[in-house]
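First the structure, in the form of structure tokens, and then the observations on it.
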Amino acid sequence: MSAIIDGNSERMTVWLDGEIDHHNAGGIRVRIDETLIRLRPKLLSLDFSAVTFMDSSGIGLIMGRYKNIQSWSGKLEVINVPRSMSKVMRLAGLERIATIRNMEEIK
Amino acid sequence: MKATNEFRLTIDSRSVNESFARVAVSAFVAQLDPTIDELGDIKTAVSEAVTNCIVHAYPDSVGKIYIWTGIYENGKIKIKIKDRGCGIIDIRQAMEPLFSTLGGERAGLGFAVMESFTDKIRVYSKVGKGTTVCLEKTITGRPADD
């Protein structure tokens, strides 16, 4: 699991890469929050295009970042979600707290 | 009914083993020629069950997690994930979506994910003795000409 983090006070993007489970969610959370709290962006964008696996630990990771960004009324989007992970996100009702965009299916 | 093929695996309740456990079960099930979605469902459900053992059953120590997977006729699989940890006081409450005894970054969705990603789940638990989670799923697999 790795992440590239970039942005400014308008928009911060996190490109997640690899597998998100309980084992590695903690490390990635600390890295995101370091930049998140420094930038206080209006929009946090989590890009899932390179994520190969996610269980409910990933839901915890997303909901936790939503709580943080809410403290300055920021918005959250979760983009390029692979089909296998959109099922877990729907189950958690994430669409109530974030804009979710699934990955375009390659035919 | 007897399993036509089975495997057993014992692992330490270390979080680094979460990915090993889900990959081991999915690799074993691969002989049924499942779809990518079916494999993903199994991996996710196993990951939730094993994480529960690590986080809840053995919160302050490292114990053993016993995983068994059996393949039955017509593509049916059964997975048992067992620990000898602290046990669950109230199983019904533990299985409620969004309920978590830990709070923080745990979403409280582990059992909800297991329920919706498999066909059947049964949970046996005794406080101080441990917990066994039994999952069942029928693999329909890919069509022969796929």
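The values are calculated or read from the model by the stated rules, or taken from the named source; none is laboratory data. In this text the structure is predicted, and so the values were computed from the model without any measurement. Positions of Cβ are backbone-derived with ideal geometry, glycine not excepted, and every protein chain shown enters the neighbour counts. Side chains included, ligands, DNA and RNA excluded: accessible areas come from the protein's heavy atoms. Shrake-Rupley method; radii C 1.70, N 1.55, O 1.52, S 1.80 Å.
At-a-glance table
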item: Only one of B:SER47, B:SER26, B:SER13, B:SER19 that is open to solvent by 20 Å² or more (accessible area, probe 1.4 Å) and small (Gly, Ala, Ser); result: B:SER19
item: In the range A:50-76, the residues that are touching a Ser or Thr at 6+ places or on another chain (Cβ under 8 Å) and open to solvent by 20 Å² or more (accessible area, probe 1.4 Å); result: A:LYS75
item: Yes/no for B:SER116 being surrounded by fewer than 21 Cβ atoms within 10 Å (Cβ to Cβ) and outside any loop (DSSP other than H, G, I, E, B); result: yes
item: Residue in the range A:59-80 that is farther than 22 Å from A:ASP6 by Cβ, within 12 Å of chain B (Cβ to nearest Cβ) and of a type in the set (A, V, I, L, M, F, W, C) present; result: yes
item: The range B:8-27: number of residues that are more than 10 Å from chain A (Cβ to nearest Cβ) and over 14 Å from the mean Cα position of the chain (by Cα); result: 2
item: Verdict on B:LEU135 being at the interface with chain A (Cβ under 10 Å from one of its Cβ atoms) and either part of a strand (DSSP E or B) or free of Cβ contacts under 8 Å to residues at least 24 places away in the same chain (or both); result: no
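Here is a yes/no grid of residues against (1) within 13 Å of B:VAL46 (Cα to Cα); (2) open to solvent by 30 Å² or more (accessible area, probe 1.4 Å); (3) within 14 Å of another protein chain (Cβ to nearest Cβ); (4) in contact with a Pro (Cβ under 9 Å, 6 or more places away or on another chain):
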position	(1), (2), (3), (4)
B:ILE67	yes, no, no, no
B:ASN74	no, yes, no, no
B:ILE79	yes, no, no, no
B:ILE88	no, yes, no, no
B:LEU109	no, no, yes, yes
B:PRO143	no, yes, no, no
